[in-house]
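Engineer: Okay, handing you the structure first.
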There are 2 protein chains.
Amino acid sequence: MTAAIEHVDDVYPTRLEEGFSTLPRQDKVVWGTAADGPMDQPTLDSYDERGYLTVPDLITPEEVAELRAELHRLSNDPETRADERTIIEPASKEVRSIFEVHRTSDLIARLAADPRVVGRARQVLGSDVYIHQSRINFKPGFGGGDFYWHSDFETWHAEDGLPRMRTVSISISLTDNHSFNGPLMIMPGTHRTYVSCGGATPEDNYKSSLVMQGAGTPDQETITKMADTYGIDVLAGAAGSAIMFDCNCMHGSNGNITPYPRSNVFLVFNSVENTAVAPFSAPAPRPEFIGARDFTPVG
Amino acid sequence: MTAAIEHVDDVYPTRLEEGFSTLPRQDKVVWGTAADGPMDQPTLDSYDERGYLTVPDLITPEEVAELRAELHRLSNDPETRADERTIIEPASKEVRSIFEVHRTSDLIARLAADPRVVGRARQVLGSDVYIHQSRINFKPGFGGGDFYWHSDFETWHAEDGLPRMRTVSISISLTDNHSFNGPLMIMPGTHRTYVSCGGATPEDNYKSSLVMQGAGTPDQETITKMADTYGIDVLAGAAGSAIMFDCNCMHGSNGNITPYPRSNVFLVFNSVENTAVAPFSAPAPRPEFIGARDFTPVG
């Protein structure tokens, strides 16, 4: 009886002592229709099937230049570097990510509220949306680190309390992504399978997991099976293009020995009908700069 | 006067206190002709221009299977693991490379002497050839390490005493190389420029350089300029295919978070008219399992 009640409360249990398992997705992927615009039905259908889509030229070269200047400014600003919302690469001391940039940069706040951006998020999620997380990512050249395979939703559910899969990420490239400079890799179709991870969440897990990943990392057996079944798509694309992907896609990226750094603006939109509750598998929610508690709609 | 004499002795000075510089190549790239077989003139011309070529299906799927079984056997053999010719990945304790395999494996000795292999080396180098170095490389999945940009010739000249650029590597893939599992990357055309590296060679440099690279590593400014000028080719290819590349190509590879390991047989053929002398920029030659002193022709 208790077990049944727990299932009602949590359709996506994870960080269990029993170890790893996979469960089918319980939620729709696309909640809106072509009538909501700006995307047409074939685009939405493809997103539904593969769990991601790409948008060439989402923003103009002028906007790219403006955003790159903003990134440069932020990553060289001593106050930003010292801020707890800034993640520094342990070896090189270079800035890897700056969180909650839609609150600290007007330019990025405007970008998030732009109809080209928030309009697509609303259409996929079929409702108003708010920003669950925003960040700028830097992947330096000449040895930028890798990012191991994971589903964002597993963490957002376990540690931030997002109840269901009704969340989309939009990554806007500010540099060209080649196959050779550590681009995003997605296993298309994996968004339909939830990987329940083994092991309890340590306190303040986010402090190490943002850099290295710990609890919430899928096991190698499941990753191998998924890669064999679904394959791996390498998402190259020019600066100004964007990738929209479902919260439950299995994704990661390799390191980068080339001279070409990779940077992007990363915005996570969650449906206002799916606002965060208490974490499902962690002692306390992560800080608000990582998982928002302000559910004000964007745009 | 002294300077002029030194130039006669060493057309490719490196590891100098003055630091990094670039010099034009002083040697031909292709020494034979189409009449020598097995490759036609367009193939040789392309090699001349780009510094590498690929050979799909150089060996059969049956031969691939046989060689993979041999790799498996060697990398699990306690005696081979303990041998100084075997390089172990520091973190994972997995075998990364086994050197001088053409002496310890009959199968690989036969492969090296096969006309499909040695015939191509003879044709490019325009003479009989001997094996300067042989090895099996393993790049494990789930986090196999990267290999930073370098020219093999710089090291073979500085530390092994190969006088001129008349050496070719043949890498035979035993696993599929995708763009996403750390394949070889070459900057096409860089074989025509010699990067003279800064700094003296430490004693026993090879012990660390096989794993991490130290002396002999080009500077980031030169790498950036070369990448901007020549671009980066990512050499994907199926198991059984081969890559032949000139000793002075700038090349490297990224790490690999995918489940798919990458392994290959790597054979370095040098012209018998270019046999090793004393090292040009090191206190003593590297061990013979890394740089041969037996110049007996192959095949």
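Engineer: Quick one: B:GLY37 ticks every box in (1) more than 23 Å from B:PHE245 (Cα to Cα); (2) surrounded by fewer than 16 Cβ atoms within 10 Å (Cβ to Cβ); (3) modelled with pLDDT under 95 except a single one, so which number is it?
Structural biologist: Only one criterion is unmet by B:GLY37, namely (1).
Engineer: Just checking, does segment A:101-110 include any residue being of a type in the set (A, V, I, L, M) and farther than 22 Å from A:THR167 by Cβ?
Structural biologist: yes
Engineer: When only residues in segment A:165-187 that are outside any strand (DSSP E or B) and within 28 Å of A:VAL277 (Cα to Cα) count, which is farthest from the other protein chains (Cβ to nearest Cβ)?
Structural biologist: Looking at the filtered set, the residue picked out is A:ARG166.
Engineer: Let me ask something additional. Looking at segment A:265-283, is at least one residue within 20 Å of A:ARG50 (Cβ to Cβ), hydroxyl-bearing (Ser, Thr, Tyr), modelled with pLDDT of 95 or more and in contact with a Pro (Cβ under 9 Å, 6 or more places away or on another chain)?
Structural biologist: No, because not a single residue in segment A:265-283 is within 20 Å of A:ARG50 (Cβ to Cβ), hydroxyl-bearing (Ser, Thr, Tyr), modelled with pLDDT of 95 or more and in contact with a Pro (Cβ under 9 Å, 6 or more places away or on another chain).
Engineer: Would you mind telling me which numbered condition in (1) farther than 20 Å from A:SER241 by Cα; (2) surrounded by fewer than 17 Cβ atoms within 10 Å (Cβ to Cβ) A:HIS72 fails?
Structural biologist: (1)
Engineer: What helices (runs of 4 or more DSSP H), lying completely within segment A:2-117, carry at least 3 residues that are under 27 Å from A:MET185 (Cα atoms) and among the small types (Gly, Ala, Ser)?
Structural biologist: A:61-75
Engineer: Let me ask something additional. Could you tell me whether A:GLN123 is closer than 25 Å to A:THR80 by Cα and away from every other protein chain (no Cβ under 14 Å)?
Structural biologist: Values: closer than 25 Å to A:THR80 by Cα: no; away from every other protein chain (no Cβ under 14 Å): yes.
Criteria not met by A:GLN123.
Engineer: Would you say A:ALA121 is closer than 19 Å to A:THR296 by Cβ and buried (at least 19 other Cβ atoms within 10 Å of the Cβ)?
Structural biologist: Yes: the conditions hold for A:ALA121.
Engineer: So in segment A:203-214, with the set limited to residues that are in a loop (DSSP other than H, G, I, E, B) and surrounded by 15 or more Cβ atoms within 10 Å (Cβ to Cβ), which one is modelled with the lowest pLDDT?
Structural biologist: A:VAL211
For (1) within 14 Å of another protein chain (Cβ to nearest Cβ); (2) farther than 30 Å from A:ALA65 by Cβ, each residue gets a yes or a no:
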site	(1), (2)
A:ASN137	no, no
A:PHE142	yes, no
A:HIS150	yes, yes
A:GLU154	no, yes
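Engineer: Let me ask something additional. Taking the condition closer than 30 Å to A:THR229 by Cα, touching a strand residue (DSSP E or B) at 6+ places or on another chain (Cβ under 8 Å) and not β-branched (Val, Ile, Thr), does B:ALA227 pass?
Structural biologist: no
Engineer: Here is a follow-up. Quick check: anything in segment B:263-282 touching a strand residue (DSSP E or B) at 6+ places or on another chain (Cβ under 9 Å) and within 30 Å of A:LEU184 (Cβ to Cβ)?
Structural biologist: Yes, because at least one residue in segment B:263-282 is touching a strand residue (DSSP E or B) at 6+ places or on another chain (Cβ under 9 Å) and within 30 Å of A:LEU184 (Cβ to Cβ).
Engineer: Another question, if that's okay. Out of curiosity, is A:SER127 in a loop (DSSP other than H, G, I, E, B), surrounded by fewer than 19 Cβ atoms within 10 Å (Cβ to Cβ) and without any contact (Cβ under 8 Å) to a residue 60 or more places away in the chain?
Structural biologist: No; evaluated as a whole, the condition is false for this residue.
Engineer: Ok, one more. Let me spell it out: the conditions are (1) in contact (Cβ under 8 Å) with a residue 40 or more places away in the chain; (2) within 14 Å of chain B (Cβ to nearest Cβ); (3) crowded, with 19+ Cβ neighbours inside 10 Å, and A:ALA242 meets all of them except one. Which number is the exception?
Structural biologist: Here A:ALA242 clears every test but (2).
Engineer: In this structure, does A:LYS139 turn out to be within 25 Å of B:ASP146 (Cα to Cα) and either touching a Lys or Arg at 6+ places or on another chain (Cβ under 7 Å) or surrounded by 24 or more Cβ atoms within 10 Å (Cβ to Cβ) (or both)?
Structural biologist: Criteria met by A:LYS139.
Engineer: Please state which of the following conditions B:THR190 fails to meet, knowing it meets all the rest: (1) within 14 Å of chain A (Cβ to nearest Cβ); (2) within 30 Å of A:MET226 (Cβ to Cβ).
Structural biologist: Every condition holds for B:THR190 apart from (2).
Engineer: Next question, about the same structure. Quick one: in segment A:90-118, of everything that is hydroxyl-bearing (Ser, Thr, Tyr) and more than 20 Å from A:PHE245 (Cβ to Cβ), which residue is surrounded by the most Cβ atoms within 10 Å (Cβ to Cβ)?
Structural biologist: In this case the residue turns out to be A:SER105.
Engineer: If you scan segment B:89-127, which residues turn out to be within 17 Å of the chain's Cα centre (by Cα), of a type outside the set (A, V, I, L, M) and at pLDDT 95 or above?
Structural biologist: B:PHE99, B:GLU100, B:HIS102, B:ARG120, B:ARG122
Engineer: Considering segment A:215-234 alone, what residues qualify as being assigned to a loop (DSSP other than H, G, I, E, B), more than 18 Å from the chain's Cα centre (by Cα) and either over 16 Å from A:ARG192 (Cβ atoms) or more than 10 Å from chain B (Cβ to nearest Cβ) (or both)?
Structural biologist: A:ASP219 - this is the single residue of segment A:215-234 that is assigned to a loop (DSSP other than H, G, I, E, B), more than 18 Å from the chain's Cα centre (by Cα) and either over 16 Å from A:ARG192 (Cβ atoms) or more than 10 Å from chain B (Cβ to nearest Cβ) (or both).
Engineer: Go through segment A:262-299 and give me each residue that's part of a loop (DSSP other than H, G, I, E, B) and among the basic types (Lys, Arg).
Structural biologist: Keep residues of segment A:262-299 that are part of a loop (DSSP other than H, G, I, E, B), which gives A:275-299.
Selection gives A:ARG286, A:ARG293.
Engineer: Only residues that are farther than 30 Å from A:THR224 by Cα and within 14 Å of another protein chain (Cβ to nearest Cβ): list them for segment B:247-290, please.
Structural biologist: B:MET250 - this is the single residue of segment B:247-290 that is farther than 30 Å from A:THR224 by Cα and within 14 Å of another protein chain (Cβ to nearest Cβ).
Engineer: Still on this model: How about segment B:133-151: which of its residues are assigned to a loop (DSSP other than H, G, I, E, B) and on the phi < 0 side of the Ramachandran plot?
Structural biologist: Within segment B:133-151, B:PRO140, B:GLY141, B:GLY145, B:ASP146, B:SER151 meet the criteria.
Engineer: While we're here: Among B:ARG192, B:ARG120, B:ARG166, which is on the phi < 0 side of the Ramachandran plot and touching a helix residue (DSSP H, G or I) at 6+ places or on another chain (Cβ under 7 Å)?
Structural biologist: On the way: B:ARG192 fails: touching a helix residue (DSSP H, G or I) at 6+ places or on another chain (Cβ under 7 Å); B:ARG120 fails: touching a helix residue (DSSP H, G or I) at 6+ places or on another chain (Cβ under 7 Å).
None of the other options fit; the residue is B:ARG166.
The values are calculated or read from the model by the stated rules, or taken from the named source; none is laboratory data. In this text the structure is predicted, and so the values were computed from the model without any measurement. So basically every Cβ, Gly included, is an ideal-geometry build from the backbone, and we count neighbours across all protein chains shown.
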